[in-house]
1. Using the number of other C-beta atoms within 10 angstrom as an exposure proxy, rank Thr242, Thr89 with the fewest first.
2. If you filter segment 171-251 for GluC sites (Glu not before Pro), then keep DSSP loop positions with at most 10 other Cβ within 10 Å, what is left?
3. What whole number of Å gives the distance from the Cα centroid of segment 169-208 to the Cα centroid of segment 109-150?
4. Compute the orientation-averaged projected area for segment 104-153 from the convex hull of its Cα atoms and round it to one decimal in nm².
Amino acid sequence: MEFPLIYLEAIIIIVISVIIAKFLSTIIRRRLHGELPVHVIRNLTNGVYYIIIAIGVGVAIGISGINITSILVAGGVVGIILGLALQSTLSNFFAGILIITERPFKIGDFINYQNTIGVVVDIGLLSTKLYSWEGYYVRVPNSILFTSLLINYSNSRARLVRVQFTVFQEIDVQKVINAIKVKLDQQPYVLVEPQSVVFVLGFTENGITLEARAWAPQSLWFDLYSNMPKIIDDTLKELGITYAYKKVIVENDNMADKLMADNSNKL
């Protein structure tokens, strides 16, 4: 009766550890609700849950009389094999912990990862999920995301919009600059500081290239981004100015007359 009793005690310890793990996870979740982001609380409670169960399993193995030394040796060999096989997974795991700790972004932020722009919908221990502007979900491994160049638009208080356009050299450039700046300053989503500016960017064979710059609050940036080209276009139309186009010069060397004469002789 002694042999099954030992195993029964081990099973009871494992069951008790599961109950304690669930109880503590629930308490942590309730105490931290509203104080930390949801994904941080979820990852923290999962970590506490599995650590307590692991301790319970270790205690159960100890009282059951199983030779722990042989298990550790076998576990060490298996651990090396699993470590090599799960190297990328472990890298993602530790990168996920660093992301949660450093918090370069949070759920709901708009970020740009390798020209993929979207809102963060989930931050896990192994990967982060984005919902792109194009309407599809993107799953990014945490190790790649943590070590790559990443732009967080939501952390910016103001953002810049730049639009370039080219007009003919014959027009009054200063008149165009003043008119466009006045139009931009009249828009409710354009900030007073930093000021909007319009300036000559350079000269080309087609005309004069100008650039208009204006700032908008983060929440209204898309309004400026989508409307600024139309504001410039409407202003140029009001001034009666057209965009510069490529000029093609055709030299008349009477080639057409010669071709017509040759064709007449053949007839």
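Where a number appears in this text, it was derived from the coordinates with a stated rule and is not lab data. This structure is a prediction, so every number in the text was calculated from the model and none was measured. Cβ: placed from backbone, ideal geometry, glycine included. Neighbour counts: every protein chain shown.
1. Values: Thr242 11, Thr89 14.
Ordered from fewest to most neighbouring Cβ atoms within 10 Å, Thr242, Thr89 come out as Thr242, Thr89.
2. Numbers: sites: Glu205, Glu211, Glu238, Glu251; in loops: Glu205, Glu251.
Taking segment 171-251 and a limit of 10 other Cβ atoms within 10 Å, the loop GluC sites (Glu not before Pro) found are Glu205, Glu251.
3. Between the Cα centre of segment 109-150 and that of segment 169-208, the gap is 36 Å.
4. On the way: hull surface 12.0 nm².
Mean projected area of the Cα convex hull: 3.0 nm².
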